[in-house]
Each structure stands twice: as structure tokens, then as C-alpha cells.
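The values are calculated or read from the model by the stated rules, or taken from the named source; none is laboratory data. On a predicted model such as this, the values are computed, not experimentally measured, just so you know. All Cβ positions, glycine included, derive from the backbone under ideal geometry; neighbour counts span all protein chains shown.
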Amino acid sequence: MEVSAAAEREALLREWFGMWLAGEDRGITRIFAADALYVESWGPYYRGASEIAHWFREWNTRGRVVRWDAGRFFHSGRWSAVEWSFRCEMRDGVVQEFDGVSVVGWDVDGRIASLKEYGCNIDNYDPYADSPSPNFKNERILWF
């Protein structure tokens with residue numbers, strides 16, 4: 001893949017994250033293909049750029065994203081992946097924070113055709129630190 005194509009994809013994904021941080025739709029229908037599929041890490045999906053835009057606007061009435069930092073990017077053919085760190089604060093007081101990866105498929109026009117998120121708890125620990133038998137935390141994960 002050309003460096004310029006990778007840079008353009010990375011810029012679009014950073015723009016998408018930035019929209020969430022600002023709480024402003026700055027061109028969702030320009031970034032996503034009309035028939036795009038977006039799957040969140042905890043299950044819900046949104047089909048089409050207009051539904052993605054609706055979800056974005058509606059979600060921002062209930063909370064705000066306070067961190068969505070992009071990390072490493074990976075590109076292969078029409079696919080990209082980006083590692084990220086995320087935190088949001090909901091109006092009901094719930095705070096969610098986790099790391100993740102988005103796997104992104106691009107259409108021929110350079111728009112996002114598919115995006116699937118995978119989440120990872122940031123509270124990592126060694127379950128074998130104190131015993132040869134695992135000792136797992138017994139806690140509710142908010143986004144699974």
C-alpha cells in the first residue's frame with residue numbers, strides 16, 4: 001500500500017475519533033459509505049451512513065467521549081486496523097474506560113465500508129500471581 005493511502009486512512013480514522021471528542025458530526029456521510037456496517041465491541045450494529053449519523057447524534061445526547069486516542073495503525077490491501085484507548089462519561093454517572101482495536105474495510109472511493117470494534121479491559125492482572133490455580137476477579141464488565 002502506498003504511504004499516502006495509509007496516511008489518508010489514518011487521517012479519516014483520527015477525524016472520526018475527533019468527531020466523538022467534539023460531539024460534532026463533521027462529515028459522517030463523507031467518511032462512511034452509504035451502505036457501511038458499524039459493529040460496536042459490545043454487540044449493537046448500525047447499517048448505513050445515515051443510521052451511523054443518527055446513532056452518533058443520539059448517543060451524544062446521553063454522554064460524552066472524553067478520550068479516544070489512536071495508537072498503532074496496520075494496513076493490508078483494503079483493510080486497516082487501529083489500536084485505541086477510550087473513555088466516556090454518561091449523563092447518568094456511568095464511566096466506561098477500555099482499550100480496543102477497530103478493524104476497518106475500505107471501499108474503492110476511500111470511505112469506510114465496514115468497521116468492527118473489539119474491546120479489552122484496561123484493568124489487567126496476573127491470575128497466577130499468588131497461586132498455581134487462577135484467581136480471577138469477580139466483577140461486572142460494563143460493555144460486555
Failed item in (1) among the charged types (D, E, K, R); (2) under 24 Å from VAL95 (Cβ atoms); (3) surrounded by fewer than 13 Cβ atoms within 10 Å (Cβ to Cβ), with ASP35 passing the rest: (2)
Selected residue (criterion: farthest from the chain's Cα centre (by Cα)) from residues of the range 60-104 that are of a type in the set (Gly, Ala, Ser) and over 21 Å from ILE122 (Cβ atoms): GLY77
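State whether the residues of the range 27-39 include one that is more than 18 Å from PHE98 (Cβ to Cβ) and acidic (Asp, Glu). Before you say what the answer is, go through the steps one by one.
So the first thing to find is which residues in the range 27-39 are more than 18 Å from PHE98 (Cβ to Cβ), and the list is 27-37.
Next cut, acidic (Asp, Glu) only: 35.
Checked the range 27-39: at least one residue is more than 18 Å from PHE98 (Cβ to Cβ) and acidic (Asp, Glu).
Are any residues in the range 38-59 surrounded by 15 or more Cβ atoms within 10 Å (Cβ to Cβ) and within 15 Å of the chain's Cα centre (by Cα), and if so, which ones? Break it down into steps so the answer makes sense when it comes.
Of the residues in the range 38-59, the ones surrounded by 15 or more Cβ atoms within 10 Å (Cβ to Cβ) are 38-41, 46, 48-49, 51-53, 55-56, 59.
Scanning the range 38-59 gives TYR38, VAL39, GLU40, SER41, TYR46, ILE52, ALA53, TRP55, PHE56, TRP59.
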Residues located in the range 51-78, provided they are polar (S, T, N, Q) and either modelled with pLDDT under 95 or under 19 Å from TRP106 (Cβ atoms) (or both): SER76
